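Colleague: Structure below; questions to follow.
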Amino acid sequence: MEFNLAAIAKLIDHAALHPTLTDKQLRKECELAKEKKVASICIKPYAVGLAKEVLEKSGVAIGTVIGFPQGGNALDVKVKEAETACLEGATELDMVVNIGKVLTGDWAYINDEIRTLRKVADDHQALLKIIFENDYLGEDKYKIKLCELCNVNKVDFAKTSTGFGFVKQDNGTCVAKGALDKDLILMRKYCVKQVQIKASGGIKSLKDVLRVVDLGVTRIGTSATGKILSEATALGY
């Protein structure tokens, strides 16, 4: 990959997912995505129509999240959410798996989730990204099995996290670690090459971007798009 400013921008799914974002702020985030010519904006499901209005003919894809951020929605709800988003203009779907079912080891349930959302995405010619939420998974065996199910169901991307997977620490604070190098290495190892890797959570600088790309990442979820691309411009990319 030739690293220039345009190529760096096309790695980015600009995240506009904070629960407090107003319509005015969401519109501003869409305008930023349009200005910077990123790969996509990842926006709340109810705001897909707003994003379509702003990004029409811009070349920036509209992505949204399904079952966000905890993955606990019933499957028929996830299906309806995905179908509605696609009908309103979304062409990329980032679905959080049912984390409790992963930790239970109910792989038939998880496979059914992924298989069913794959069909919805195919029906609407949309990309499907599966969010593992690694912050909650602990042991590598869960992540490896999710990689295997992504392979079987031919998803487009395996994604590390939502960025909102806050885990209580010993000192009482809650921390979301997001895209850790060790997880990215594992995911790239166990996913077939056709399943791309998306790093999300904690990617806040150009240095972070370059590091994860070296680990095999081809898409990055971040809300720090402006900062990252300003750093790239300053360095002459």
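None of the figures in this text is laboratory data; all of them are computed from the coordinates on show. Bear in mind that the values here come from a model prediction, so they are computed numbers and not experimental data. Don't worry about glycine lacking a Cβ; one is built from the backbone with ideal geometry, like all the others, and counts go over all protein chains shown.
Colleague: If the elastic network links every pair of Cα atoms under 10 Å, which of ASP94, ASP170, ASP122 fluctuates the most in the Gaussian network model of the chain?
Modeller: Taking springs between Cα atoms under 10 Å, the residue moving most is ASP170.
Colleague: Averaging sequence separations of C-alpha pairs under 8 Å and six or more residues apart, then dividing by the length of segment 5-234, give the relative contact order as a whole percent. Don't skip to the end; give the middle numbers.
Modeller: Values: 445 pairs, mean separation 39.0, N = 230.
Once normalised by length, the contact order is 17 percent.
Colleague: To the nearest 20 debye, what is the magnitude of the charge dipole of the chain about its Cα centre, counting +1 on the Cβ of each Lys and Arg and -1 on the Cβ of each Asp and Glu? List each step's numbers first, then the result.
Modeller: On the way: 34 positive and 31 negative charges, 82 e Å.
Its charge dipole is roughly 400 debye.
Colleague: Also, I was wondering about something else. Springs between alpha-carbon pairs under 10 angstrom, Gaussian network model over the chain: which of LYS182, LYS78, LYS145 fluctuates most?
Modeller: Greatest mean-square fluctuation among the candidates belongs to LYS182.
Colleague: When the chain is modelled as a GNM with alpha-carbon springs shorter than 10 Å, which of ILE185, ILE130, ILE43 fluctuates the most?
Modeller: In this elastic network of the chain, the residue with the biggest mean-square fluctuation among ILE185, ILE130, ILE43 is ILE185.
Colleague: For a footprinting-style exposure proxy, rank CYS150, CYS191 by other Cβ within 10 Å, fewest first. Walk me through the intermediate numbers first.
Modeller: Values: CYS150 29, CYS191 21.
Fewest to most other Cβ atoms nearby, the residues stand as CYS191, CYS150.
Colleague: Moving on to the next point. Diagonalise the Cα gyration tensor of segment 1-89 and give the resulting equivalent ellipsoid semi-axes, square root of 5 times each eigenvalue, largest first, whole Å.
Modeller: On the way: eigenvalues 115, 43, 31 Å².
Value: 24, 15, 12 Å, ordered largest first.
Colleague: Let me ask something additional. Give the percent of DSSP beta bridges with both residues in the chain that are antiparallel, rounded to the nearest 5.
Modeller: Details: 2 of 31 bridges.
DSSP beta bridges in the chain are roughly 5 percent antiparallel.
Colleague: Under 10 °C and 1.306 mPa s, how fast does the chain diffuse according to Stokes-Einstein, given a Kirkwood radius computed over C-alpha pairs? Answer in µm²/s, whole number. Walk me through the numbers before you get to the answer.
Modeller: Working: Rh = 17.7 Å.
In µm²/s, the coefficient rounds to 90.
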